[in-house]
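Encoded as structure tokens, the structure appears first; notes follow it.
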Amino acid sequence: MADHDHDHSHEHGSELSETQLRVRALETILTEKGYIDPAALDAIVEAYETKIGPRNGALVVAKAWTDPAFRQALLKDATAAVGTLGHVSPVGDHLVAVENTPQRHNMIVCTLCSCYPWEVLGLPPVWYKSAPYRSRAVKDPRGVLTDFGVKLAKETEIRVWDSTAETRFIVLPMRPAGTEGWSEERLADLVTRDSMIGTGLALTPAEIAK
Amino acid sequence: MNGVHDMGGMDGFGKVEAEKDEPPFHAKWEGRVLGLVRSMGYAGAWHIDDSRYAQETLPPQTYLAVSYYQRWELAAEKNLLARGYVTEEELKAGHAIGPTKPLPRRLTKDVVDAGMTRSSFFRQQQGPARFKPGDRVRTVNINPLTHTRLPRYARDKVGTVELIHGCHAYPDSVATGRGDDPQWLYTVVFDGREIWGPDTDPTLTISIDAFEPYLEPA
């Protein structure tokens, strides 16, 4: 399969890489055959570049921090609860929210491929799809957390959720201290993507002031 | 299949390296691949598990060497060829040559929003759920050559049913062309020591989402 060996180290420069040529050829063929609409591809790319990102999830988390009834509803049925928020895109049928507490820290992985809650977090980062994360998260989650600069108390339980089916998980991180009375918008700024995967914690007011 | 994609618990891949301020795409072609794969999925050319299986059956050295979107592109080519939507001759030429094989629908710009909402995997239940939350279960020991969503590390292990997610399309069946064969889906949680042995961090629990055929009463 020598013709499938790619050099993906040089995407820049004027010379088109083999991958660029293959993708261009494929898009041309599928367009000429009438299977795809290049304008739809443009719209998909634009949506992921501008609309569908972790801000969606951050708003969900901020709402859960400020509205106990919503928090309850979210933990019971995240799909339905997120569906009640007009400003977040639909999440399909299979979203589950899991809550971090002082006793328990949750972490999400997909060891078999790269399943990820796109609708609330956008496209997965490269590290989430990488062999180091997929291999180690289920066996050495504390080691993985160390790679992210996060250290939990020894007695904190760690629960790793391997996304092996079509269920998608989002972590509800703990609300940082010193944020009493903050608006949802302001709280959402503390909610990082990684805190909703479980490889990070929500930012503290001091961290965001930096 | 016991492929290199089934990575849970493998050692030696090194540190997790996060990129600061990572962009959604690192090159323009990545977005095109995402868009065309989404479009063909919407059109009904294949199911998501066909896409996964096509990636899993890439040569392991290729799977590990290429980037994520390159894997998508290679899997798309495989599925398009296997299903007769494009030919080798067309891929070489970079243009359509043969006839178009009809597809149920087409993702156009005006329906992109609908096309991007995730499909539902709920299916009509075929019978009552065999397990309920709290039940102790043992995962089966299977090593199929075909697609499965039961990772190697979680085979022949005892755990506890925690959640029931309803009845879902069964990937092991879908990816082998045998239809949805709907099955109950559960979150099953294991003690880390059951999976990795007695020296494991006692605070660790790991869950998988397991289709009913993966489980036996324990």
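The values are calculated or read from the model by the stated rules, or taken from the named source; none is laboratory data. If you're wondering where the values come from, they're calculated on a predicted model, not measured in any experiment. Glycine gets a Cβ as well: all are built from the backbone with ideal geometry, and neighbour counts include every protein chain shown. Protein only, heavy atoms only, side chains kept; ligands, DNA and RNA dropped before computing areas. Shrake-Rupley method; radii C 1.70, N 1.55, O 1.52, S 1.80 Å.
Brief remarks on what is shown
- log₁₀ of I(q)/I(0) at q = 0.08 Å⁻¹ - the protein assembly as shown, Debye sum with one point per alpha carbon: -0.45
- Local charge for B:Thr87 was computed over the other residues whose Cβ lies under 12 Å away, with Lys and Arg +1 and Asp and Glu -1, and equals 0.
- B/A buried area, accessible surface, summed, 1.4 Å probe, Å²: 7600
- Cα convex hull volume per residue for region B:34-106 (Å³): 94
- Calculated FRET efficiency for the pair B:Asn143/A:Leu21, C-beta based, R₀ 41 Å, to 0.05: 0.60
- According to the Cα-based calculation, Rg over Rh for region A:15-87 is 1.27, with Rh computed by the Kirkwood formula.
- Relative to the current alpha-carbon distance between A:Glu157 and A:Val126, full extension at 0.36 nm per residue lengthens the span by 8.5 nm.
- Average beta carbon contacts from partner chains per residue of A:140-146, 10 Å cutoff: 3
- With helices as the sole contributors, chain A gives -11000 deg cm²/dmol at 222 nm; each DSSP H run of n ≥ 4 counts as -39500 (n - 2.57), and the sum is divided by every residue.
- Sparse-neighbourhood loop sites, trypsin sites (Lys or Arg not before Pro) in region B:28-95 - DSSP loop, at most 16 other Cβ within 10 angstrom: B:Arg83
- Helical segments meeting 20 Å axial Cα length and Kyte-Doolittle -1.0 threshold in chain A (DSSP H): A:18-32
- Using only alpha carbons, chain B has a radius of gyration to Kirkwood radius ratio (Rg to Rh) of 1.00.
- Each 5 Å bin, from zero up to the one with the longest distance, holds this percent of the alpha carbon pairs of region A:156-210: 4, 17, 25, 21, 13, 10, 6, 2.
- Averaging the Cα positions of each part gives two centres, and for region B:1-56 and region B:118-148 these lie 24 Å apart.
- Exposed loop sites are taken as GluC sites (Glu not before Pro) in a DSSP loop (any state but H, G, I, E or B) with at most 12 other beta carbon atoms within 10 Å; the longest stretch of chain B without one runs B:20-218.
- GluC sites (Glu not before Pro) within region A:116-210, DSSP loop, no more than 10 other Cβ atoms inside 10 Å: A:Glu155, A:Glu180
- Long-range tail of P(r) for region A:38-183 (Cα pairs > 18 Å, %): 61
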